[in-house]
Amino acid sequence: MKKTRYTWFFAAFSVVSSCFFLGFKAGDEHAFQIAKNLDVFSAIVKELDMLYVDSLDADKTIRTGIDAMLYSLDPYTAYYPEEDSSELEQMLKNSYGGIGSIITYDSKRKRTVISEPYEGMPAAQVGLRPGDFLLDIDGKDLYEMNTKKVSEMLRGEVGTKFRLRVERPGVKKPLSFDIVRRSIQLPFIPYYGKLDDGVGYIKLSTFSGNPSKEFKRAFLDLKQQGIRALVIDLRDNGGGLLDESVEIANFFLPRGKTLVTTKGKLSQVGQTYKTLREPIDQQIPLAVLVNNSTASSSEILAGSLQDLDRAVIVGTRTYGKGLVQTTRALPYGANMKITTSKYYIPSGRCVQAIDYTHRNEDGSVGRIPDSLTTVFHTAAGREVRDGGGITPDVQVEPDKLPNILYYLVAGNYIFDYATQYCLNRSSIAPAEQFSISDSEYDDFKKYIAESDFKYNQQTEKMLKNLKEIAEFEGYLKDADSEFAALESKLKHNLDYDLDFSKKMIKEYLAEEILKRYYFQKGVIIQQLKDDKELKEAVKILSDEEKYNSMLRPKAVE
């Protein structure tokens with residue numbers, strides 16, 4: 001059957017190539033180049049299949065060629081054979097058949113471990129916990145199996161059942177769970193609430209699926225609670241469906257406003273998206289939180305509200321994805337996601353930050369420099385620029401993570417300590433009140449001191465590099481005593497480093513513990529307790545004069 005399939009493929013390929021040669025008009029160089037290269041590619045595959053020293057894996061070889069060809073265009077144009085159709089569906093619908101849990105690989109134990117079950121999903125409902133090591137699925141040992149393979153085994157058709165055996169810290173014998181796969185819908189809005197000063201807050205995690213309905217319910221609930229302003233958190237939201245961003249923008253903008261225009265090579269792919277309904281609230285003050293992982297449909301929402309002077313944007317510059325993809329059906333049940341157009345928001349600008357058509361000699365691409373971007377204007381006349389994502393009206397840089405925290409997280413030390421912390425605690429304080437006490441932090445420091453924890457101090461690394469350069473250039477001998485003094489002062493001191501970064505480490509510990517009792521909602525509540533961007537947004541929304549002035553053009557002096 002497989003041989004017949006490839007015989008048909010090559011025959012069809014030859015016919016297509018011949019049609020190209022016979023059908024292009026004289027002087028049509030582009031059509032000739034397409035036809036020539038199709039014919040050459042077909043000939044290469046045939047020769048390899050016939051003469052290559054080893055048997056040719058046609059699927060693997062041709063797939064490699066396809067993937068390389070598409071990636072040379074942009075990272076978003078991709079091929080999905082029939083067996084990967086579920087991956088594409090998950091991307092579009094934000095759902096899949098499985099157990100609903102994040103899993104990670106523990107290199108020390110060489111096993112996959114439950115990292116975070118989703119609230120209300122099968123993993124959480126049957127009682128799986130963070131820290132559970134996966135032993136086997138229906139008797140198949142998972143030792144040394146990577147997370148990709150384990151994930152494929154956990155996923156499957158909705159309604160199918162399997163048995164999972166796990167090893168739980170603090171429990172002597174393995175535990176068995178019978179789990180029925182469900183359609184896993186990742187939360188559109190993992191948390192929303194009314195802050196103490198009457199400002200509403202909605203965390204929107206994706207535009208895939210149908211988040212506008214849930215956003216509307218959350219917003220109406222907050223209005224009933226009497227909010228006077230609203231913060232929409234789009235940080236780390238990688239986008240999704242364009243229609244959904246337009247729908248949510250319409251909650252705050254009048255009917256008939258053009259929000260997005262798409263333009264491509266073919267006129268058929270060009271579309272104009274307008275607000276179609278009356279808004280829910282056209283007056284409530286808005287602030288939108290963004291960062292460098294805010295992309296695509298998130299940028300459409302943030303950019304539209306900025307271009308129409310409807311919201312103050314707070315945070316860091318967004319990712320800059322101004323490309324639109326559509327799916328196309330291919331033979332044998334395959335599909336292709338292909339970039340067909342760019343989108344332009346109300347001011348007329350496109351936020352695309354990378355020009356994939358102009359690559360460097362090594363094939364790499366870079367962001368469009370600010371000097372090459374163009375000035376556009378909002379509805380009120382404020383200056384905005386294209387070519388580099390959405391630049392916030394108020395830029396707030398997040399705190400940098402200390403070096404030691406990176407190693408504590410990467411080495412699973414915080415995760416493992418949280419597992420031990422929760423072993424004998426059936427409950428903890430509500431997320432709003434929970435914190436790590438100083439005595440508990442001392443316990444954590446003791447746990448780290450007794451472990452095999454190792455990390456690289458950046459100061460030690462830089463000093464070592466400086467000494468090597470000084471020696472190479474002949475200055476080390478004269479500066480030997482100074483280097484010795486510096487080495488003495490910068491000597492590795494774990495206890496000092498843990499105390500110096502105490503505040504941020506305690507926050508990460510609290511998040512890891514809270515997710516085990518209150519899931520993602522608890523983590524977000526913890527993060528908002530000391531959120532610089534949120535505090536700035538609330539400060540702006542609490543000052544009506546400042547808020548209004550930020551949505552007007554700056555006076556020319």
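The values are calculated or read from the model by the stated rules, or taken from the named source; none is laboratory data. Note that the coordinates shown come from a computational prediction; the quantities given were computed from them, not determined experimentally. Reconstructed Cβ throughout: ideal geometry from the backbone, glycine too, with neighbour counts over all protein chains shown. Ligands, DNA and RNA are excluded from the accessible area calculation, which covers all protein heavy atoms including side chains. Shrake-Rupley method; radii C 1.70, N 1.55, O 1.52, S 1.80 Å.
Observations on the model:
- Within the stretch 208-215, the presence of at least one residue that is part of a helix (DSSP H, G or I), free of Cβ contacts under 8 Å to residues at least 24 places away in the same chain and within 26 Å of the chain's Cα centre (by Cα) is confirmed.
- Candidates are the residues of the stretch 389-437 that are more than 21 Å from Lys521 (Cβ to Cβ) and among the small types (Gly, Ala, Ser); the one that is most open to solvent (accessible area, probe 1.4 Å) is Ala410.
- Annotation for the stretch 294-317: no member residue is in contact with a Lys or Arg (Cβ under 7 Å, 6 or more places away or on another chain), assigned to a strand (DSSP E or B) and either without any contact (Cβ under 8 Å) to a residue 60 or more places away in the chain or charged (D, E, K, R) (or both).
- Hits in the stretch 528-549 (condition: assigned to a helix (DSSP H, G or I), out of contact with any Pro (no Cβ under 8 Å at 6 or more places or on another chain) and surrounded by 18 or more Cβ atoms within 10 Å (Cβ to Cβ)): Leu528, Leu534, Glu536, Ala537, Val538, Ile540
- For beta carbons closer than 6 Å, sequence separation of 6+ or different chains, a first residue in the stretch 153-180 that is surrounded by 16 or more Cβ atoms within 10 Å (Cβ to Cβ) and a second that is in a helix (DSSP H, G or I), the qualifying pairs are Phe177/Val126; Ile179/Pro122; Ile179/Val126.
- Selection status of Arg310, of a type in the set (Lys, Arg), farther than 24 Å from Phe219 by Cα and either surrounded by fewer than 23 Cβ atoms within 10 Å (Cβ to Cβ) or out of contact with any helix residue (DSSP H, G or I) (no Cβ under 7 Å at 6 or more places or on another chain) (or both): no
- When the stretch 262-292 is filtered for residues that are assigned to a loop (DSSP other than H, G, I, E, B) and farther than 18 Å from Glu244 by Cβ, the ones remaining, listed by number, are Lys265, Leu266, Gly270, Glu278, Asp281, Gln282, Gln283, Ile284, Pro285, Asn291, Asn292.
- Restricting attention to the stretch 54-82 and to residues that are part of a loop (DSSP other than H, G, I, E, B) and small (Gly, Ala, Ser), the residue that is most open to solvent (accessible area, probe 1.4 Å) turns out to be Ser55.
- Selection count where residues are of a type in the set (D, E, K, R) and buried (at least 18 other Cβ atoms within 10 Å of the Cβ), scope the stretch 203-218: 1
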